[in-house]
Amino acid sequence: MTTETTGTSRYAQQLTARVRAFDARRPWVWDTAVTATWTVAALVDASGGWRNTAHAPSLPAWLVVTLSLALSVPLFWRRRHPLAALTVMACAALVSSVSGAFLQAAYLQMLPVYHLALSRPPRTLLWSLALIAPPLITGALRFRADSWDQHVVPTLWAYALVALLGIAVRSRRDERTHEVRLAATAERTRIAREMHDIIGHNLAVITGLADGGRYAAAKNPERAAQALDAIGTTSRQALAELRRLLSVLHEDDETATRTPQPTLTDLEPLIEGVRSAGLPVHADLPATAPALSAGAQLTVHRVLQEALTNTLKHAGTGAKATVRLSYGPGTLDLLVTDTGTGTPHLPPPPGTGRGITGMRERAARYDGTLESGPLPAGGWRVRLSIPLEDSPS
């Protein structure tokens, strides 16, 4: 697809969206235009076309004009009150059939039938058949020159096709609404998971720095000042990540700059931040980063962040952590262990998307697996495996 074609398609989508938005704000404009157009057409038909019929060549003009208006003016309410509009039009169509006028404006009943199928329950659509059928059957019985095959059956088929069109459009609209709702739910879950990881990790680091600074203040004021500097740096990093994350909620700001998501090259700074909070971490990271999509790299970063945060929170005093990142043919493996003796890293209630549950969900998005549990000799282990090939972007 060329750039020009893409630009034309985008312009058409924007124009369609603007027209729909205008109609949503001022529906009376479109309703008035449609009603006026068909009213003029019905009056033109009433001015001469009806006189050519052999059934009622001497009908009074006022009756024909009145019937024409009754078959067209209710279209103004076809979207808000389709059943009421159809009822008025069906009564006019019945009089038209009984009198022999057979005005073509009677076919305008298809419009409220369409809106009944589009916006009302199926049982309400059945009432439209009860309103449409009597004028057709009465006209066919009163004037047998118009056979059922020529008058009633084709018209009923036309109404059925219009109703099916309305049902199809409604089904497609409901499907799009469901897709949008699912996408919104997934986006809320993603933002909640990201905020949990960002806030939980940085607060754990800040807490560790504050505790260490408090103990060092009495003996080494310089170490306390360093701890305060580290707290300020960590806080600013957390605020920057939160601003980047929440910037996606400003839909009107399409040109807003977004800072890059964390990648494998950011693992070392992450580990250094945990070390500064007082947790000894031995890291074994490869010199070169493997080929992995940006989303999968973010998953590795968040899993390591969550695992080290849990160690800070639950492992207890004197605990140490070990991080090993390796990759072989087709697989990246991240192993995080600690020597903690504190409360185990308990998973949250099902469905919350936090903690270990959130890590498993992240891994599953990229066809990976995550194992988490206690070690036989004490401590905790988290292992993440992600395929290196065909990772989704």
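In terms of its C-alpha gyration tensor, the stretch 268-320 comes out prolate, because a/c is 1.5 or above and the ratio a/b outweighs b/c.
Peptides 80-89, 162-171, 281-290, 104-113 ordered by packing proxy, namely the average of other Cβ atoms within 10 Å per residue, highest first: 104-113, 80-89, 162-171, 281-290.
Every read-out reported here was derived from the displayed coordinates using simple, explicitly stated rules and does not represent laboratory data. These figures come from a predicted structure and were not determined experimentally. Cβ sites come from the backbone with ideal geometry, for glycine too, and all protein chains shown count toward neighbours.
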